[in-house]
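Undergrad: Here it is, the structure in full.
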Amino acid sequence: MSRGVILLAAGGTGGHLFPAEALAHELNERGWKVHLATDDRAERFAGHFPAAAVHPIKSATMGSKNPLAVIAAFWKIWRGVRQASAIIGRIKPDAVVGFGGYPTLPPLYAATRRKVPTLIHEQNAVMGRANRALAARVDAIAGGFLPEDTSAAGAKTVITGNPVRPQVMEAAKTPYTASAGEEPFRLLVFGGSQGAQFFSDAVPAAIGLLPEAQRKRLVITQQARADDVARVKAAYAALGVDVQVLPFFTDMAARMAAAHLVMSRSGASSVSEIAVIGRPALLVPYPHALDHDQAANAAALAAAGGAEVHQQSTLSPERIAALIGGLMEHPDRLAAMAAAARSAGKPDAARLLADLTEAIASRKTVSEFRKGTHA
């Protein structure tokens with residue numbers, strides 16, 4: 001018999017949906033029935049989402065300065081609030097948990113109006129705009145990298161870390177083994193939907209500058225936009241490098257576990273997964289990220305010694321070649337970075353977030369939850 005219903009709300013990108021998916025698995029195991037509210041973008045992910053039902057909710061981005069566009073966005077969000085309110089009335093959730101992105105605004109706002117307990121999870125070191133808009137209204141805030149401090153938001157923040165999917169937990173069982181001598185060296189390069197184009201241009205050019213002995217060792221997995229896949233493959237083929245290039249890898253966690261070095265953007269989910277699996281990384285914050293959240297996320301892992309952070313503007317092909325080539329010749333340094341990354345990981349984040357969700361569902365306050373966890 002179900003213990004009750006939890007409604008999760010998440011924007012339709014992997015960065016928002018992956019932590020929600022991890023919490024859904026944990027809550028299902030504890031006997032809760034999970035529902036998901038999201039937008040149409042989530043369809044390619046939502047098929048794997050462990051929810052009793054997926055509810056598409058109308059929402060809109062508030063980025064425009066055009067007054068007519070702002071009015072249209074408010075109207076669409078309000079329609080989403082009414083839609084979400086009807087769903088909440090029908091499924092009667094014990095709590096509503098938001099994971100950021102504008103599609104979370106209608107369900108969370110509707111829940112607070114209906115006096116349903118609410119919680120938001122912020123993956124990044126800098127709170128996103130949707131979560132900022134909800135922070136004052138919700139009962140609790142769970143943070144991946146956020147501070148617990150004396151501010152209004154900090155007072156109801158609990159550091160849970162970012163939940164990672166079961167595939168990541170499975171991949172974390174693989175210990176890091178450095179590549180030395182002439183052994184194959186596996187390089188994983190990925191950048192998300194917006195951030196991959198720079199890597200598509202710069203990394204093949206950099207690999208072309210490496211000595212032939214290093215190129216022969218390389219086995220590369222690279223994520224690229226669909227439009228770029230053919231030219232990236234052709235660039236590597238001309239260099240005689242062993243490579244797999246795709247727009248999306250369904251087994252990314254396993255590929256990360258197999259990697260000797262990761263080069264990636266520093267979205268919250270990526271940084272959290274790199275840390276839990278424990279792999280050395282060259283992190284390149286996406287320079288156009290709102291609020292510069294990726295730079296702050298990267299700094300957290302770099303501070304632990306698990307990553308180097310490099311601004312995109314400094315990364316010529318020559319510089320990238322020097323970074324990758326230098327690390328290939330220092331397996332001890334890579335092993336030390338892997339261990340440091342792992343020490344910064346929070347593999348129990350899904351359990352902590354589920355504990356907090358259950359506490360909020362039973363109408364406990366954050367201070368009561370904190371006392372219980374420190375008792």
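The values are calculated or read from the model by the stated rules, or taken from the named source; none is laboratory data. What you see is a predicted model; the values in this text were computed from it and never measured. Cβ coordinates were reconstructed from backbone atoms using ideal geometry, including for glycine residues, and neighbour counts include every protein chain displayed. Areas reflect the complete protein model, heavy atoms only, side chains present, ligands, DNA and RNA absent. Shrake-Rupley method; radii C 1.70, N 1.55, O 1.52, S 1.80 Å.
Undergrad: I'm told L187 meets every condition in (1) exposed (fewer than 15 other Cβ atoms within 10 Å of the Cβ); (2) not in a helix (DSSP H, G or I) except one. Can you identify the failing condition by its number?
TA: That leaves (1) as the condition not met.
Undergrad: Now, a different point. Only one of A51, A111, A69, A24 is more than 19 Å from the chain's Cα centre (by Cα), outside any loop (DSSP other than H, G, I, E, B) and without any contact (Cβ under 8 Å) to a residue 60 or more places away in the chain; which?
TA: After applying the criteria, what remains is A69.
Undergrad: Out of all the residues in segment 228-246, is one or more open to solvent by 10 Å² or more (accessible area, probe 1.4 Å), farther than 11 Å from V189 by Cβ and part of a strand (DSSP E or B)?
TA: Yes, segment 228-246 contains at least one residue that is open to solvent by 10 Å² or more (accessible area, probe 1.4 Å), farther than 11 Å from V189 by Cβ and part of a strand (DSSP E or B).
Undergrad: On to the next question. Read through the list (1) out of contact with any His (no Cβ under 9 Å at 6 or more places or on another chain); (2) open to solvent by less than 20 Å² (accessible area, probe 1.4 Å); (3) under 25 Å from A22 (Cα atoms); (4) of a type outside the set (V, I, T), then give the number of the only condition that A206 fails.
TA: Single failed check for A206: (3).
Undergrad: If you take the residues of segment 95-119 that are open to solvent by 30 Å² or more (accessible area, probe 1.4 Å) and of a type in the set (S, T, Y), which of them is nearest to A10 (Cα to Cα)?
TA: Y102
Undergrad: Moving on. Please indicate, with yes or no, whether at least one residue in segment 65-73 is within 24 Å of A24 (Cβ to Cβ), in contact with a Ser or Thr (Cβ under 8 Å, 6 or more places away or on another chain) and open to solvent by less than 30 Å² (accessible area, probe 1.4 Å).
TA: No, the conditions are met nowhere in segment 65-73.
Undergrad: Looking only at segment 86-94, decide whether some residue is at pLDDT 95 or above, among the basic types (K, R), in a helix (DSSP H, G or I) and surrounded by fewer than 18 Cβ atoms within 10 Å (Cβ to Cβ).
TA: yes
Conditions (1) of a type in the set (S, T, N, Q); (2) at pLDDT 90 or above; (3) crowded, with 21+ Cβ neighbours inside 10 Å; (4) within 20 Å of P103 (Cβ to Cβ), marked per residue:
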site: A142; (1), (2), (3), (4): no, yes, yes, yes
site: T150; (1), (2), (3), (4): yes, no, no, no
site: A153; (1), (2), (3), (4): no, no, no, no
site: Y176; (1), (2), (3), (4): no, yes, no, no
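Undergrad: For segment 285-325, enumerate the residues that are surrounded by 15 or more Cβ atoms within 10 Å (Cβ to Cβ) and of a type in the set (D, E, K, R).
TA: D293, E308
Undergrad: Cβ-Cβ under 9 Å, sequence separation 6+ or interchain: first residue in segment 200-229 and free of Cβ contacts under 8 Å to residues at least 24 places away in the same chain, partner open to solvent by 70 Å² or more (accessible area, probe 1.4 Å) and in a helix (DSSP H, G or I). Which pairs?
TA: Listed pairs, sorted by first residue: D227/Q197.
Undergrad: For segment 344-375, which residues satisfy the criterion of being open to solvent by 60 Å² or more (accessible area, probe 1.4 Å), modelled with pLDDT of 95 or more and part of a helix (DSSP H, G or I)?
TA: Passing the criteria: only R351.
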